[in-house]
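Student: Pasting a structure below so you can have a look.
Laboratory data are not the source of any read-out in this text; all were calculated from the coordinates shown. In this text the structure is predicted, and so the values were computed from the model without any measurement. Glycine gets a Cβ as well: all are built from the backbone with ideal geometry, and neighbour counts include every protein chain shown.
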Amino acid sequence: MRMVIKIAGALLERDEDVQTLARQITELARAGHELLVIHGGGKIFTATLARMGITSRFINGLRVTDRETRDAAVMVFAGLLNKKLAGAISLAGQPAVGISAADAACFLAEPMQVEDCKGSLGFVGYLTEVNVDFLRSLWREGIVPVASCLGLGADGELYNINADHMAAAAAEFIRADRLIFLTDVAGVLDGDKVVSALRGTDIEDLIRKNKVSGGMILKLEAAKRALAGGVAEVRIVGGSKPRALLAAASAGRCPGTRVLPVVRASAKAAHGAAQ
Ligand SMILES: Nc1ncnc2c1ncn2[C@@H]1O[C@H](COP(=O)(O)OP(=O)(O)OP(=O)(O)O)[C@@H](O)[C@H]1O
Ligand SMILES: [Mg+2]
């Protein structure tokens, strides 16, 4: 199976979590799955900006990314975090390479425009293309690609991409069978209960009733986009449990939330009639 595994920045903060994930990624790669690992930056990026004395402004929830902020993003995402994760997977037994957009132009981006823009977002982009041949050449050699959430623009600049949006778009471009979001909560929560399965309209309901907020809204929107783009199933799972990723990658039940395509009435009727 071809899978995109998106790892939250928060899960890269503790070495123990990184090693647990690295072991599971190794196990999946050894079982013959074609994996693309994409990671976020989370609090580590914010802390680095604070250390550098850079303050951020946000437009529609997106961080305005001037050149200095973008350079810090490249240092943290494509540098520290990317190498930490690729190193852990390689040490767990499966060779992994940390790649960023610039390497073999593997992830291309265009600058994101915001409507009624109060100034430009700067170096914030969205994914427009994936060099699938390059990824295939890695998979053929049994190498796991580990990508940071950056895209290369036609102008030669690197653009910061929201990691959930990047994972969803990449899953669509590489025709992944499954997209797995490993996050820092047990799944999509309705109050204190994990929702085990969601379909399109359920997502709108949760957002409308203010039951999801912040990063989870972006994630659910990304999940919907991936499903609309042909990915068969999206799973949102807490990544710090010992075998969470293996469970999320299996055919069976998963510990978090399954996000499923909307079943069209006609397809449902035909399916029912065939039973
Ligand atoms: N209904 C909800 N269920 C679960 N989490 C929710 C909900 N509403 C809001 N959240 C928040 O969404 C967060 C997950 O999104 P967040 O963007 O912080 O992490 P991530 O996308 O997994 O990682 P990263 O942003 O580093 O790539 C949770 O930690 C939680 O605080
Ligand atoms: Mg997020």
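Student: Taking the Cβ of each residue in T201, T26 as the centre, tally the other Cβ atoms inside 10 Å and list the residues starting with the fewest.
Tutor: So the ranking, lowest neighbour count to highest, is T201, T26.
Student: Hey, could you get me the Stokes-Einstein D for segment 62-207, Kirkwood radius over alpha-carbon pairs, 25 °C and 0.890 mPa s, rounded to whole µm² s⁻¹?
Tutor: Here the translational diffusion coefficient equals 145 µm²/s.
Student: Okay, next question. What is the distance in Å between the Cα centroid of segment 141-194 and that of segment 34-105?
Tutor: Taking the Cα centre of segment 34-105 as reference, the centre of segment 141-194 is 12 Å away.
Student: Shifting gears a bit: With springs connecting C-alpha atoms under 10 Å apart, model the chain as a Gaussian network and identify which of T55, T183, T69 has the largest mean-square fluctuation.
Tutor: Fluctuation is largest for T55.
Student: In percent, how large is the relative contact order of the chain, given Cα pairs closer than 8 Å and 6 or more residues apart?
Tutor: Reported relative contact order: 21 percent.
Student: With unit charges on the beta carbon (Lys/Arg positive, Asp/Glu negative), name the residue among M112, T20, G98 whose Cα is farthest towards the positive pole of the charge dipole of segment 1-120.
Tutor: Selected residue: T20.
Student: Suppose we look only past 17 Å in the calculated P(r) of segment 56-119. What percent of the Cα-Cα pairs does that tail hold?
Tutor: 57 percent
Student: Beyond 16 Å, how much of the Cα-Cα pair distribution for segment 142-214 remains, as a whole percent?
Tutor: 66 percent
Student: Binned at 5 Å from 0, what are the whole-percent values of the Cα-Cα distance distribution for segment 86-164, short to long?
Tutor: 3, 16, 22, 19, 16, 11, 6, 4, 2, 1
Student: Distance cut-off 25 Å, Cα to Cα: go down the list K84/K224; K84/K211; K6/K43 and report the pairs above it.
Tutor: Among K84/K224; K84/K211; K6/K43, the Cα-Cα distance tops 25 Å for K84/K224; K84/K211.
Student: So what is Rg over Rh here for the chain, counting just Cα atoms and using Kirkwood for Rh?
Tutor: The Rg/Rh ratio comes out at 0.96.
Student: Taking N as the number of residues in segment 147-274, what value does Rg over Cα atoms divided by 2.2 N^0.38 Å take?
Tutor: That works out to 1.13 for segment 147-274.
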